[in-house]
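What follows is a single structure, written as structure tokens, with notes after it.
The values are calculated or read from the model by the stated rules, or taken from the named source; none is laboratory data. Fair warning: this is a prediction, and the values are worked out from it, not measured in the lab. Cβ coordinates were reconstructed from backbone atoms using ideal geometry, including for glycine residues, and neighbour counts include every protein chain displayed.
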Amino acid sequence: MAVAKTARVVGTERVGPDTLLLDLCATEPVGFVGGQYLILDSRIILPSGKAVKRAYSFLTGDAEQRRFQLAVKRIPDGLGSAFVHGLAAGTDISFSGPWGKFFMREGASGRTLILATDTGITAALGFLHATRFRPLLPQTLLIWLRVSSEYFLPEGFMRARIPADCGDMRIEAIPAIGHPERIPHARAILRQVLSCGGLDQAFIVGDGDVNQVLLDDLIAAGVAVSKDNVESFFNMPKKSA
Ligand SMILES: Cc1cc2nc3c(=O)[nH]c(=O)nc-3n(C[C@H](O)[C@H](O)[C@H](O)COP(=O)(O)OP(=O)(O)OC[C@H]3O[C@@H](n4cnc5c(N)ncnc54)[C@H](O)[C@@H]3O)c2cc1C
């Protein structure tokens, strides 16, 4: 059973047409590792009896365990993201966590690719800012694929959050979610990275449909990856996959 924790909203900022940045202060240290997420309980109960609880990844580094940020995209007709967008400073929120296996294991090393699609950039930024990841930064390539420069987090905001010693970073456009060219496009970018050789580990986060195919490509290329190297925010893989 998940233990309910509390955090106070200490600030909110609109950083894009449909993106809210939340500054939170938890009553106790959360104990997360960069890359993990919490589950926010909106306390809304649907007529079916199901509670509206949604996952949001820690955007900020794990050196600070009480003060942290989330960035949330408003999804049309989505109850969870609408709840978040209605939050104001001074409100207390209830959450559980940390959750998830999408973080770097102690002692891992080598040339690292972090590839995020869409809102997956939150977990990628949290991952990059993990204390344990710092030694690997100079050998790291971060790629963010999103549909347009207006999507979710403004490019300037995102660039300002990349640690100065991160080896390399690319932000590129990708066809819309569900577009038939989206997956081929993402695969072509991964092929290009793989063609340079020397990739020791890779982490992929965002659109589950893209994740699944890129995971298969990485395995075929001989990169040591498992399902723990992947986090899907939507288009979730089938349980049996
Ligand atoms: C591990 C994890 C971490 C996440 N971290 C974040 C985060 O840091 N920031 C954030 O904004 N969201 C994040 N999400 C997505 C979030 O949990 C919700 O799914 C999202 O806020 C929509 O919830 P909703 O109730 O508003 O809409 P719902 O009614 O639950 O969703 C409507 C539909 O939109 C889909 N959807 C969710 N996100 C997207 C998207 N980006 N693009 C297109 N469709 C989408 C859902 O899968 C669903 O099919 C994360 C999800 C997971 C599983």
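Annotations for the structure displayed:
- Only a single item in (1) over 18 Å from G120 (Cβ atoms); (2) surrounded by 14 or more Cβ atoms within 10 Å (Cβ to Cβ) is not met by V230, and it is number (1).
- Within the stretch 90-97, one or more residues are in a loop (DSSP other than H, G, I, E, B), in the same structural domain as L70 (by TED's automatic domain parsing) and modelled with pLDDT of 95 or more.
- Any chance D62 is away from the ligand (no atom under 11 Å from the Cβ) and under 21 Å from G206 (Cα atoms): yes
- Here is the figure for the stretch 30-52: residues that are away from the ligand (no atom under 13 Å from the Cβ) and surrounded by 10 or more Cβ atoms within 10 Å (Cβ to Cβ) total 5.
- Filtered by the rule that a residue be within 12 Å of the ligand (Cβ to nearest atom) and without any contact (Cβ under 8 Å) to a residue 60 or more places away in the chain, the stretch 86-110 gives a lone residue, G86.
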